[in-house]
Amino acid sequence: MVYSYQVVKFQTISFVQGNHWSQSVGDKGILYKSLKDPFAKLIVQSANGSKKLYHVPKDRTVVVTNHTIHFLGELA
């Protein structure tokens, strides 16, 4: 698996199987942490309407701020 840093402007986000994620609020925005081994799944619908499925490795954090999502992951 090759993970790379992703920055995506989004319209909607879906955290597949919500029990594979923890949520908190930080000074940079809303934080979601992947709890599933080896990865949790995330669906991002971008501003142009396209949907993409990403894998986010365990113990990595997804940061959501102002309709932009930042995370380390790979396109599934």
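The values are calculated or read from the model by the stated rules, or taken from the named source; none is laboratory data. All of these numbers come straight from a predicted model, not from anything done at the bench. Neighbour counts run over all protein chains shown; Cβ positions are idealised from the backbone, glycine included.
At-a-glance table
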item	result
Strands (runs of 3 or more DSSP E) wholly inside the stretch 17-76 containing at least 1 residues that are in contact (Cβ under 8 Å) with a residue 60 or more places away in the chain and surrounded by 15 or more Cβ atoms within 10 Å (Cβ to Cβ)	68-75
Single unsatisfied condition, Ser14 versus (1) exposed (fewer than 10 other Cβ atoms within 10 Å of the Cβ); (2) of a type in the set (S, T, N, Q); (3) part of a strand (DSSP E or B)	(1)
The one condition in (1) out of contact with any Leu (no Cβ under 7 Å at 6 or more places or on another chain); (2) modelled with pLDDT of 95 or more; (3) not aliphatic (A, V, I, L, M) that Gly18 fails to fulfil	(2)
